[in-house]
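The values are calculated or read from the model by the stated rules, or taken from the named source; none is laboratory data. It should be emphasised that the depicted structure is a prediction, and the values quoted were computed from it without experimental measurement. Reconstructed Cβ throughout: ideal geometry from the backbone, glycine too, with neighbour counts over all protein chains shown. Accessible surface is based on the protein model in full, side chains and every heavy atom, while ligands, DNA and RNA are left aside. Shrake-Rupley method; radii C 1.70, N 1.55, O 1.52, S 1.80 Å.
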Amino acid sequence: MNPILLSDFHHEGRGPELMKVHYRGASGRAIVAVDYFLSEDSYTPENLRHLRFFKPQVFMFTPEEVEPYTPEFNPWEGETRFAAVDFGKSAWLQRFSSRHLGNCSHYRFMFYDEFLDVICEGVEAGHGAYPC
């Protein structure tokens with residue numbers, strides 16, 4: 001487990017606020033990016049940020065209230081305020097066919113009311129809304 005994006009995606013007692021999910025095409029089969037506000041920022045256009053996913057293969061949203069908080073996927077306790085984690089080749093990633101996943105990692109993002117798990121080749125944070 002490796003905390004990532006420490007200055008761009010963190011929590012102050014609650015996770016960033018998810019504002020919009022961007023999908024490839026109209027089907028919603030592939031996630032491309034998400035827009036969010038950090039919890040300490042006001043909801044103004046200049047404070048909007050985004051995460052962009054590179055070569056996403058699998059994604060899953062889990063509501064906070066049904067998350068089982070198993071030890072393998074619950075890194076949020078403690079003093080550090082990170083809200084994004086690279087789990088590498090997690091057990092969840094290994095359950096899928098490895099044919100297209102050789103360069104991928106399992107990333108988890110803690111938002112205010114939900115978690116987002118993404119298996120992809122990388123992620124980057126940026127300022128402003130994701131440019132569609």
Those strands (runs of 3 or more DSSP E) lying entirely in the stretch 77-132 with at least 3 residues under 16 Å from residue 10 (Cα atoms) and touching a helix residue (DSSP H, G or I) at 6+ places or on another chain (Cβ under 6 Å)
none
Please enumerate the residues belonging to the stretch 33-57 that are part of a strand (DSSP E or B) and either buried (at least 17 other Cβ atoms within 10 Å of the Cβ) or free of Cβ contacts under 8 Å to residues at least 12 places away in the same chain (or both).
33, 34, 35, 36, 37, 49, 50, 51, 52, 53
Can you tell me which residue in the stretch 104-132 is farthest from residue 38 (Cα to Cα), limited to those that are at pLDDT below 95 and open to solvent by 80 Å² or more (accessible area, probe 1.4 Å)?
132
Those residues of the stretch 9-32 which are loosely packed, with under 15 Cβ neighbours inside 10 Å and among the aromatic types (Phe, Trp, Tyr), in sequence order
23
What pairs come out if I take residues in the stretch 113-132 that are farther than 27 Å from residue 44 by Cα and pair them with residues that are open to solvent by 30 Å² or more (accessible area, probe 1.4 Å) and part of a loop (DSSP other than H, G, I, E, B) whose C-beta lies under 8 Å away, six or more apart or interchain?
119/57; 119/96; 120/55; 120/57; 121/55; 121/103; 122/55
